[in-house]
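This report concerns only the one structure given below.
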Amino acid sequence: MDVGHAESVGRAVEALKRARAVAAITGAGISAESGVPTFRGPDGLWRNFRAEDLATPEAFARAPGLVWEWYRWRRGRIAGAQPNAGHLVLARFEDRWPDFALLTQNVDGLHRRAGSRNVVELHGSLWRARCTAEPARVFDEMQQAPGTGDPGRVPACPACGAPLRPDVVWFGEALDPAAVARAHDAVTSCDVLLVVGTSAIVYPVAALPALARRSGATIIEVNVDRTPLTADADIVLRGAAGVVLPEVERLL
Ligand code: BV8
C-alpha cells in the first residue's frame, strides 16, 4: 500500500471508528469485480448503445422488444455473477452500525445477494418486471411473468395482458418518492457517507453527497478514477472497491 494511500485509509478508519451512523452510496463500479460491465467505463454497457436508445420510456414505446433484449442480455451477464469482497464488506457493515443504509443505483441485486438487508434500490431492479397498465402490479424474479425470458418477446401482464416493462427507473423518469425519502434521511443523519464505484453524474443521486456534506457528514470516495465528486470528498481512497473496502474493514 503506498504511503499516501495508507494514510488515507487510516483517516477513513478513524472517521468510521468515531461514526455513530454510516451510510453508503454505490454505483456500477462496485459490481465491476463481479464481472458486471459498468455503464461508462471502457467495457461499459453504453459503449455499444446510447442511453437514450434504451434506458428511456421513449425507447420502450418505440422499440419495446429491443429494450427487453437489452435487459435480458444484462440479466444473463448478471445471473452468473457473484457478489465480490466489496459487496460483502458493506453487508457486514450492517452489523457494525445498526442503521447502516445502503443506497444503490445498481439494478443487479448483488447487494441483497451479498446479505445486505437495509438496501434502497434507487433505480429499481433488473429482476423485477411491472405492468405498464397498473404499475402497482410488480413481478419478482421475472419468472412469475410468462414470456419474460423469451428472446424478442415483450412479456404480457398475466393479470391484464398489457406489456410488462423492467422495474427500473429510466432517464427522464422520477425516482420512487419513498426511496428518495429514505435516501434523504440516511444522508442527512449519517456521520460518514461512503461513495463507492459511481461516476457521480446521474441525478438526483449525484446530489446526495453534497447534501450529506452540508449536514456535517465526512465524505469518503472509493473509486479507481477521479469523478466530479473527488474534489469535494474529505477522503479519497483510489482503488478497486473489492480491494479497498476489505483494507478498511481489517483496520476497524
Ligand atoms: C430524473 C437504471 C426527473 C436503468 C439508470 C437531460 C435529459 C433528460 C434527463 C436529464 C438531462 N440532464 C440531466 C438529466 C437528469 C438525468 C441525469 O442525471 N442524466 C445524466 C446522465 C446527466 N437523470 C434522470 O433522468 C433521473 N430522473 O431526473 O427525473 C423527473 C422528476 C420528476 C418527474 C419526472 C421526471 C433518472 C436517472 C436514473 C436513470 N437510470 N439506470 C438501468 O440500469 O438500465 S442510470 C444508470 O447510471 C445506472 O443506474 C447506473 O447505476 C447509473 C449511474 O452510473 P454509475 O453507477 O455511476 O456507473 P458508471 O459506469 O457511470 O460509473 C462507474 C464508476 O465506477 C466509475 O466512476 C468508475 O471509475 C468506477 N469503477 C469502475 N470499476 C471500479 C470502480 N470503482 C471502484 N471499484 C471498481 N472496481
Self-check item: Inverse of mean 1/r across different Cα pairs in the chain, Kirkwood, Å
Solution: 18.8 Å
Quiz item: Between residue 182 and residue 138, 0.36 nm times their residue separation minus their Cα-Cα distance comes to what?
Solution: 13.8 nm
Quiz item: Can you give the angle from 0 to 90° between the axis of helix 241-251 and the longest principal axis of the chain, with both taken from C-alpha atoms, to the nearest 10?
Solution: 40 degrees
Quiz item: Which percent of the Cα-Cα distances in the range 176-242 go past 19 Å?
Solution: 28 percent
Quiz prompt | Calculated [θ] (222 nm, deg cm²/dmol) that DSSP helices of n ≥ 4 give over the chain, each run adding -39,500 (n - 2.57) | solution = -10500 deg cm²/dmol
Practice problem: Give me the angle, in degrees from 0 to 90, between the Cα long axis of helix 3-18 and the longest principal axis of the Cα atoms of the chain, rounded to the nearest 10. | Solution: 80 degrees
Quiz item: What is the Å³ per residue value for the convex hull set by the Cα atoms of the range 97-235?
Solution: 135 Å³
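Only the coordinates and a few stated rules stand behind these numbers; no lab work does. Everything numeric here is computed off the predicted structure, so don't read it as measured data.
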